[in-house]
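First comes the structure, then the notes that go with it.
Read-outs throughout are calculated quantities, based only on the coordinates presented, and are distinct from any laboratory measurement. On a predicted model such as this, the values are computed, not experimentally measured, just so you know. Cβ atoms come from the backbone with ideal geometry, glycine included; neighbour counts cover every protein chain shown.
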Amino acid sequence: MENAWLTRTFKGDRVIWALVAVFMIFSLLAVYSSSVSVAFMKHGGNTTYFLRSQFFMLLLSLIIIIVVHYLPYRIYSSLAGLILICAVGLLILTFAVGSRVNEATRWIEIPGTGFRLQTSDVAKVALVLYLARSLARYQNELKNFMLVTKYFMIPVGIVCGLIMPENLSTALMVFGISLIIMFIGRVPFRFLLAYVGIGVAGVFLFAMVLSVVSKDNRVEVWKNRIEYYFSGNADEDGDYQTNQAKIAISTGGLFGKAPGKSTQRNMLPQSNSDFIFAIIIEEYGLLFGAIPLILAYMILLFRGITIVKKCETAFPAFLVMGLVVMITVQAMLNMLVAVGLFPVTGQTLPMVSWGRTSVLVMSFSIGAILSVSRVVNARIKKEELPEEEITDEGEKIYGPAKA
C-alpha cells in the first residue's frame with residue numbers, strides 16, 4: 001500500500017525524484033554545519049537558525065515540486081509571454097523600491113512578511129520558458145536573422161540589461177544560458193557569434209557610461225574581481241574569499257574532516273550559500289562530497305536529455321532542455337568559483353545552498369521537468385498497453401474484483 005501511494009504521489013522520472021532527495025540531504029547537512037558560527041553571532045546564540053530556515057524552505061520546495069509536476073506543461077507555453085512581462089516588471093520595480101543588501105539592490109521585500117524576493121532568479125526562469133515557447137513556434141524560421149533578433153535577442157537583451165547594473169555575473173550567466181538554449185534549438189551559430197559580439201560591446205559601453213555618470217556603482221567591483229582573477233592581487237575581498245575556499249578544499253582532501261568539523265566556516269564569508277561547495281569538500285572530501293554532487297548534477301542533465309528524446313512535440317523538449325541547462329550551468333559556475341577556476345560570481349549551488357527565492361525557483365524548474373516526464377511516461381505506457389483501459393496518467397483501470 002505504501003509503495004502504491006508513493007507511486008501515485010510522485011510521478012514522472014524516478015531518478016530525478018531520487019536526485020531531489022540527494023540535494024535536500026546535502027543541503028540540510030551542509031547548511032547547518034557551515035552556518036553554526038554565523039547563526040550564533042547574529043541570531044542571539046540560536047545555532048539552528050539557518051537549519052530551521054532551510055528545512056522550512058525545502059519542505060515548501062517539495063510541495064511546489066509536487067504541485068507543479070501535476071500541472072499540464074502546456075500552460076507554460078500559453079503563459080510564457082505574460083510571465084516574462086511580469087518578470088521584467090519586477091526587475092524595473094527593483095530599481096524603484098528594491099532592498100539594498102551588501103551594496104547591491106537585487107531584492108524586493110514583500111510587505112509584512114520580511115521575505116525578500118530576488119527578482120533576477122524569477123526573470124531567469126521566465127526567460128527560459130519564453131525561449132522554449134519561441135523556439136517551438138518559430139522552429140521553421142530560425143534562419144531569419146531579423147526574426148531571431150526580434151523575438152529572441154531583444155527579450156534576452158532587455159532582461160540582461162535590467163539585471164546587469166546590480167548583478168553583472170547573473171546577467172552574463174543568463175545571456176550565456178540563453179545562447180546555449182538557442183544553439184540547441186538550431187539557431188545558426190553565426191547569429192550567436194554576432195550576438196556575443198554585440199553583448200560584449202554593450203557591456204563595455206554600459207560600464208564606461210556608468211563609471212562616468214555615477215560614482216555609486218558596481219563597475220569598480222566588476223573590475224577588481226576580474227583583475228584579481230587574472231593577476232591574483234587586486235581585490236582584497238575576492239582574494240580573501242577565494243583563499244579561504246581554497247584552504248577549505250585543500251584541507252578536506254580525499255575523505256574530508258568529517259561532518260561538522262569544518263574550521264573554514266568561521267572565516268569564509270557566504271559559507272552557507274555562495275561557497276558552500278568548499279565547506280562540503282572540507283567536511284566530506286573529494287570522494288564523498290565533491291564527486292557525488294558533480295555526478296548528481298550530471299545525472300540530472302542526462303535524465304533531462306532522456307526525457308527530451310521521448311518528447312513528440314517541440315515545446316516540452318525545449319522546456320526540459322532549457323531548465324536542465326539552467327540548473328547545471330549555475331551549479332558548474334558555483335563549483336568553479338569555489339575551487340578558484342572562475343571569478344567570484346555570487347551564484348548559489350542549486351537546491352543545496354541556503355536561500356529562499358533561489359530554492360523556490362529551482363523547485364519550480366524541477367517540477368516543470370517532472371511534469372513533462374509524467375506526461376511522456378503516461379503516453380509511452382498507453383502505447384505499450386493499447387488493449388487496456390487507461391486513465392490520463394497511463395494507469396490501468398480494472399473492474400471490480402470478481403468473487
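Taking N as the residue count of the range 77-149, its C-alpha radius of gyration divided by 2.2 N^0.38 Å amounts to 1.40. Classified by the C-alpha gyration tensor, the range 1-85 has an oblate form. Its axis ratio a/c, with a ≥ b ≥ c, is 1.5 or above, and a/b does not exceed b/c. Between Phe56 and Ser99, the FRET efficiency estimated from the beta carbon spacing at R0 = 22 angstrom works out to 0.60. Computed over the range 278-344, the P(r) tail beyond 15 angstrom holds 59 percent of alpha carbon pairs.
Centroid-to-centroid, using Cα positions, the range 341-375 and the range 250-274 are 22 Å apart.
Working note: Karplus 6.51/-1.76/1.60 with θ = phi - 60° gives the range 63-73 the couplings 4, 4, 4, 4, 5, 5, 6, 8, 6, x, 5 Hz, where Gly and Pro are set to x. Taking Lys and Arg as +1 and Asp and Glu as -1, the other residues whose beta-carbon sits under 14 Å from that of Thr328 total +2.
With a threshold of 31 Å on the Cα-Cα distance, the over-threshold entries among Lys124/Lys382; Lys42/Lys261; Lys11/Lys150; Lys42/Lys246 are Lys124/Lys382; Lys11/Lys150.
Give me Rg/Rg_expected for the range 2-384, where Rg uses Cα atoms only and Rg_expected = 2.2 N^0.38 Å with N residues. Intermediate results must be reported in sequence, preceding the final value.
Values: Rg = 20.9 Å, N = 383, 2.2 N^0.38 = 21.1 Å.
Its radius of gyration relative to the 2.2 N^0.38 Å reference: 0.99.
Computed from backbone phi, the HN-Hα couplings of the range 132-141 come to 4, 5, 5, 5, 5, 6, 10, 5, 9, 10 Hz, rounded to whole numbers (Karplus: 6.51 cos²θ - 1.76 cosθ + 1.60, θ = phi - 60°; Gly and Pro given as x). Inter-part distance, the range 148-203 to the range 68-98, computed on C-alpha centroids, equals 19 Å. Calculation over all alpha carbon pairs of the range 236-340 in 10 angstrom steps from 0 returns a P(r) of 16, 38, 24, 15, 7, 0 percent.
The amide H of Trp107, built 1.01 Å from its N in the peptide plane, has Ser99 as neighbours under 5 Å, considering only residues 5 or more places off or on other chains. A simple rule links phi to the HN-Hα coupling: the Karplus curve 6.51 cos²θ - 1.76 cosθ + 1.60 with θ = phi - 60°, which for the range 349-366 gives 8, x, 6, 10, 4, 5, x, 10, 4, 4, 5, 5, 5, 5, 5, 4, 4, 5 Hz, with x for Gly and Pro.
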